[in-house]
Amino acid sequence: MKSLRFISAEAFVSNAEFARKSLGSVAHNLFPLLFKASYLLEQGEVIHDLVENWPFVDFNMGKLLGTTVDYQEDLSHRTCSVCLESCLTGLRDYVLNHPSPYVKRLKVVDLTGIKDVEVQLCECKKTMGRWARTQLLSKLCLELLVYLQQRRCNPGIFEISIDVLIDLFVTERNYELVVQALLKKCYCPLKICCVAFRSDNLALQKFFYITKLIDPSLLRKLEIVHNVRLEMEHLEMLFNSIHFPLLMSLTLPARTFNVRRFTATDERMLTNIGEKMGKMTQLTELSMSFSILTGRIQKLLSPLKTPLKMLDVSNCSLNHADMAYLANSFHANHLEALDLSGHNIPDLYPSTFFKLLSHSSSVLRSLTLEDCNIQDTHVNMLILSLSPCQKLQEFRFLGNPLSSQALKHLFTFLCELPMLKNVEFPVPRDCYPIGITYPIDDACLCRFDHQKYESVAEELNLILLQANREDVKASTPLFGSYDAAVQETNDELGAYLIKSFKETLEKFTTSLNKM
């Protein structure tokens, strides 16, 4: 609900020309109100001028767009391109276009509160994701330096220092630009301060170089994903050469670890990595999916001094000893998000899984069990395991061979979980041709009876509706959950995969010719 103040602010900024002319006579305490109203109405020019004349010491996007007394709706998930570009160019012009640099108060700009989501409600429908924000801020910093060098500016401008906190996303395509901006950071009034860093599609040498440039002492989140070919020896080098005192979240790329080809040297290396992670006293989130960690979870996690709140060990070939360690470790009582996808839970370790969930049930918010061979005969066991998890908000179990009847039984139970908001369920087994084998490969994933699936999905939603659970969103994203970062850079990643495939074919052809 909008307050009268907010409605008045909307009326004021809706006439952009009038609002821009009148800003000089607006009380400073109204700037945050006008900013949110301008953002809601996508008044780019007004947003630019508000930021250009910002009267406060800090500018925090998350707080400005979040729930406020005058308007409760959270706008921080609107990554509107018009609004964000206007905001960043306004920041550049804040440095340049003020009669006296000595009256400037702004010291910190925090852009980390912006959330990238799948559905955008802004009218322009054009978003500016994390990669594009990284690109634009780097570009503006360099343009600002060029402008200051080419023109005779008030010397006081060079004494302006504004820390811009941002989540950087770097790939091969924007690497050079970001590196240049980071190298010249000390000369620029706008100081890029990386709080979270995501790296994809980047050569290892470049990854190591830019990681040192971003000031790792400030880093809270590090994501090394997909096409960064980081293996265990590289990870050890990274931890030996760079200190991450504030790191809270670490994501490693697929195949970082592979214990099937371990030597005595590799065992020592793994021990060293575990000890280095143990010194990261803030680390509470760890993702290392698609590595082979059979029998080594305890060696890797036992040195940690702080309990993990998020753990992703999907498709890591865990054995009974690994699950037993997790179920009995001090991490179990603190896990808010857990991903055990790709493990045959019902057959290999049903009792330890039950124990793990019972220990984490008081705090568990998100559980992912995709491709876990959960069948109709296991549904009652699953319900028994989930019953204590009264704080569960997200449950994903795609890729399991469950019939439509079993799904209805499971959904009837899920209605009883009071905080549940999101469910991702598989296409029922009876919608696929007889004889389909699990896990289903990508080529066969879409070859099911779509009409029958729609009918089952309607029945499942009806179960939710009859239980007054319209607040629960149930869906079947066939190729996995939405990932804003992957969506934004899928063209670049696609080109990289085609290039890699072509190089592999060329090597294969060369080998054949030699034979």
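The values are calculated or read from the model by the stated rules, or taken from the named source; none is laboratory data. Quantities reported herein were computed from a predicted structural model and do not represent experimental measurements. Note that we place each Cβ from the backbone using ideal geometry, even for glycine, and neighbour counts take in every protein chain shown. When the accessible area is computed, the model is the full protein with side chains, heavy atoms only, and any ligands, DNA or RNA have been set aside. Shrake-Rupley method; radii C 1.70, N 1.55, O 1.52, S 1.80 Å.
Overview of results
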read-out: DSSP-assigned coil residues among trypsin sites (Lys or Arg not before Pro) in the range 14-106, each with at most 14 further Cβ atoms within 10 Å; value: 105
read-out: Accessible surface, per residue, of the range 370-409 when the full set of protein chains is kept, probe 1.4 Å, Å²; value: 39 Å²
read-out: Restraint check, 115/139; 2/107; 125/473; 126/185; 63/421; 63/126, Cα-Cα greater than 28 Å; value: 2/107; 126/185
read-out: Centroid-to-centroid separation of the range 29-47 and the range 372-399 [C-alpha atoms, Å]; value: 45 Å
read-out: Which label in (i) 71, 26, 18; (ii) 69, 28, 22; (iii) 43, 31, 23 gives the computed semi-axes √(5λ) of the Cα gyration tensor in Å; value: (iii)
read-out: Nearest-10 value in Å² for the accessible area of residue 5, using the 1.4 Å probe; value: 120 Å²
read-out: Dipole axis of the chain (+1 Lys, Arg; -1 Asp, Glu on Cβ), positive-most option in 482, 289, 230; value: 230
read-out: Order of exposure, largest accessible area first, which applies to 186, 83, 415 with probe 1.4 Å; value: 186, 415, 83
read-out: Segment residue 377-residue 120, extension gain: residue separation times 0.36 nm, minus the distance between their alpha carbons; value: 88.5 nm
read-out: Separation in nanometres of the label points that stand 7 Å from Cα toward Cβ, at residue 11 and residue 271; value: 7.4 nm
read-out: Karplus 3J(HN,Hα) series, Hz, for the range 296-306 with 6.51 cos²θ - 1.76 cosθ + 1.60 (x for Gly, Pro); value: 10, 4, 5, 4, 7, 9, 5, x, 5, 8, 9
read-out: Percent antiparallel among DSSP beta bridges (both partners in the chain, rounded to 5); value: 5 percent
read-out: Cleavage-rule hits, trypsin sites (Lys or Arg not before Pro), the range 279-331, DSSP coil, Cβ neighbours within 10 Å at most 15; value: 279, 305
read-out: Whole-number percent relative contact order across the range 4-128, with pairs defined as alpha carbons under 8 Å at least 6 apart; value: 30 percent
read-out: Mean Kyte hydropathy of 1.6 or more with a Cα span along the axis of at least 18 Å, helices from DSSP in the chain; value: none
read-out: Exposure rank, largest accessible area first [469, 220; 1.4 Å]; value: 220, 469
read-out: Theoretical ellipticity at 222 nm over the chain - DSSP helices of four or more residues, -39500 (n - 2.57) apiece, nearest 500; value: -13000 deg cm²/dmol
read-out: Alpha-carbon centroid distance for the pair the range 130-166 / the range 273-294, whole angstrom; value: 36 Å
read-out: Heavy-atom accessible area order for 297, 436, largest first, 1.4 Å probe; value: 436, 297
read-out: Charge dipole of the range 126-213 about the Cα centre (unit charges at C-beta), most positive-ward option of 180, 148, 165; value: 148
read-out: DSSP-assigned coil residues among GluC sites (Glu not before Pro) in the range 415-493, each with at most 10 further Cβ atoms within 10 Å; value: 470
read-out: Per-residue SASA entry for residue 119, accessible area with 1.4 Å probe, Å² rounded to 10; value: 100 Å²
read-out: Mean separation of Cα contacts under 8 Å, 6 or more apart, over the residue count of the chain: relative contact order %; value: 7 percent
read-out: Only Lys, Arg (+1) and Asp, Glu (-1) charged, at Cβ; the chain dipole about Cα centre in debye; value: 1480 debye
read-out: FRET efficiency for residue 154 and residue 231, using Cβ-Cβ distance with R0 set to 41 Å, rounded to 0.05; value: 0.20
read-out: With all protein chains modelled, accessible area of residue 419 [1.4 Å, Å²]; value: 80 Å²
read-out: Contour excess over end-to-end distance, with Cα ends at residue 482 and residue 263 and 0.36 nm allotted per residue; value: 75.0 nm
